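Asks: Have a look at the structure that comes next, please.
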Ligand SMILES: Cc1ncc(COP(=O)(O)O)c(C=O)c1O
């Protein structure tokens, strides 16, 4: 269903329809499933979501990074409808189908690295991060996995072990799988070494090398997993040279490098994959998910043939991995990214966001840092710019106030004090400006 690309407030937010559904939800749905804004979707198209009370919201959440191509892109919807008529499922282990192979071919062609590749399809980002560890272990015969501070790699148990933030993700779910080693990320705003870039000389990367050599032991590490721009961690884009240095360390120590592009990939940063913006960084594996299939559940591990083929037949897969509807959606989405204007739109959106958010950062004392890459931009909010005390409560207030005025946004960050923008790249500039205006006023209210 196509809906007008305009904000419209029919009454209170949340309205009576959403409030009554919230009541039903409270009695039926597990408490652990949390939702940023208590409004219930009725329809969505492009960059606008309509709720059950007829309110229309500007969407800065993009289904948590899934909707770079927008809600219900017509060509994707048509492709999925056609596939619905053909067949819904066979299970890859019972009977293969062409769309699975076609998605694998496309990802082998599009992911970074000019080497011979193979792809595994699964259904979620967490499955992709879990499977890349299995594959890397099978290929190297080594147990260790190296991950970074503030990382988010998913909510299943191994993925959680690799995820950095304890509350709410990990609290109460111990013990986790072993052999997961954590090293610092280049979070310059809160440098763990209290240094300043570029004078620091990338001391945090040197520390990673030191840890790999002395504490993990290069011969024990199956893979280093890195988000080229950290997502849930708060849209932390490392400074020039850092990712390049991590890639160099991995090369020197012969440890496979995994780019977890689940959130940063598929056009969000202005290139298909964010690593493309870090010269010379060629991961051995790239993980794709979220915006790969415009809302249908699909994720992928793509990597060097000799590594990917280490697990024997039957060692990889799952009932739903590479579901035909999701594969068909992915092929239509890939078409939009390869031959449409989404990457240009991401660059343009990134410019607008960069300019407008920086300008807000100058006016509102609550903004500690404006950062990101391309259209993956965020504001880190603090109660005091000197002490950088995280403004967690104010961040929640900014999000709630924005929603009341017709803008849906999301929180992120290790301290829950980051407002991030994951707007569909199809959003027209006037709507983006309108959304930023709402955010601006919400920040002003929080600043008082
Ligand atoms: C970088 C990254 N990896 C993995 C995941 C997990 O993906 P999923 O929620 O689909 O399991 C996420 C989810 O936000 C993510 O941002």
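The values are calculated or read from the model by the stated rules, or taken from the named source; none is laboratory data. Predicted model, so just to flag it, every value in this text is computed and none were measured. No Cβ is skipped: glycine too gets one built from the backbone with ideal geometry, and neighbour counts run over all protein chains shown.
Asks: Suppose we filter 432, 443 for residues that are closer than 25 Å to residue 40 by Cβ, in a helix (DSSP H, G or I) and at pLDDT 95 or above; which single one remains?
Replies: 432
Asks: Answer with yes or no whether residue 94 is surrounded by fewer than 16 Cβ atoms within 10 Å (Cβ to Cβ) and either in a loop (DSSP other than H, G, I, E, B) or in contact with a strand residue (DSSP E or B) (Cβ under 8 Å, 6 or more places away or on another chain) (or both).
Replies: Yes.
Asks: Identify, from the list 343, 296, the residue that is under 17 Å from the mean Cα position of the chain (by Cα), surrounded by fewer than 23 Cβ atoms within 10 Å (Cβ to Cβ) and within 16 Å of the ligand (Cβ to nearest atom).
Replies: Exactly one residue qualifies, and that residue is 296.
Asks: Only one residue in 261, 209, 227, 248 is surrounded by fewer than 18 Cβ atoms within 10 Å (Cβ to Cβ) and at pLDDT 95 or above. Which one?
Replies: 248
Asks: Can you confirm whether residue 163 is under 21 Å from residue 220 (Cα atoms), buried (at least 19 other Cβ atoms within 10 Å of the Cβ) and under 18 Å from the mean Cα position of the chain (by Cα)?
Replies: In short, yes.
Asks: Let me ask another. Within the range 159-183, restricting attention to residues that are in a helix (DSSP H, G or I) and away from the ligand (no atom under 12 Å from the Cβ), which residue is nearest to residue 287 (Cα to Cα)?
Replies: 161
Asks: If only one of 44, 79 is buried (at least 20 other Cβ atoms within 10 Å of the Cβ), touching a residue at least 12 places away in the same chain (Cβ under 8 Å) and assigned to a helix (DSSP H, G or I), which one is it?
Replies: None of the others qualify; the one that does is 79.
Asks: Looking for something within 16 Å of the ligand (Cβ to nearest atom), in contact with a helix residue (DSSP H, G or I) (Cβ under 6 Å, 6 or more places away or on another chain) and at positive phi - is there at least one such residue anywhere in the range 47-68?
Replies: Checking the range 47-68: at least one residue is within 16 Å of the ligand (Cβ to nearest atom), in contact with a helix residue (DSSP H, G or I) (Cβ under 6 Å, 6 or more places away or on another chain) and at positive phi.
Asks: Please state which of the following conditions residue 238 fails to meet, knowing it meets all the rest: (1) out of contact with any strand residue (DSSP E or B) (no Cβ under 6 Å at 6 or more places or on another chain); (2) farther than 30 Å from residue 415 by Cβ; (3) within 16 Å of the ligand (Cβ to nearest atom); (4) in a loop (DSSP other than H, G, I, E, B).
Replies: (2)
Asks: Out of the range 111-146, which residues are out of contact with any helix residue (DSSP H, G or I) (no Cβ under 7 Å at 6 or more places or on another chain) and surrounded by fewer than 17 Cβ atoms within 10 Å (Cβ to Cβ)?
Replies: 114, 115, 141
Asks: Go through the residues of the range 307-330 one by one and say whether even a single one is over 29 Å from residue 202 (Cα atoms), under 21 Å from the mean Cα position of the chain (by Cα) and either surrounded by fewer than 18 Cβ atoms within 10 Å (Cβ to Cβ) or away from the ligand (no atom under 16 Å from the Cβ) (or both).
Replies: Yes, the range 307-330 has at least one match.
Asks: From (1) in a loop (DSSP other than H, G, I, E, B); (2) within 10 Å of the ligand (Cβ to nearest atom); (3) closer than 13 Å to residue 132 by Cα, pick out the condition that doesn't hold for residue 287.
Replies: (1)
Asks: Can you find a residue that is surrounded by 22 or more Cβ atoms within 10 Å (Cβ to Cβ) and either over 20 Å from the mean Cα position of the chain (by Cα) or not in a loop (DSSP other than H, G, I, E, B) (or both) anywhere in the range 184-203?
Replies: The answer is no; no qualifying residue exists.
Asks: Let me ask something else. Return the total of residues in the range 389-414 being surrounded by fewer than 19 Cβ atoms within 10 Å (Cβ to Cβ) and without any contact (Cβ under 8 Å) to a residue 40 or more places away in the chain.
Replies: 4
Asks: Of everything in the range 123-146 that's under 16 Å from the mean Cα position of the chain (by Cα) and not in a helix (DSSP H, G or I), which residue is nearest to the ligand (Cβ to nearest atom)?
Replies: Going through the qualifying residues, I end up with 124.
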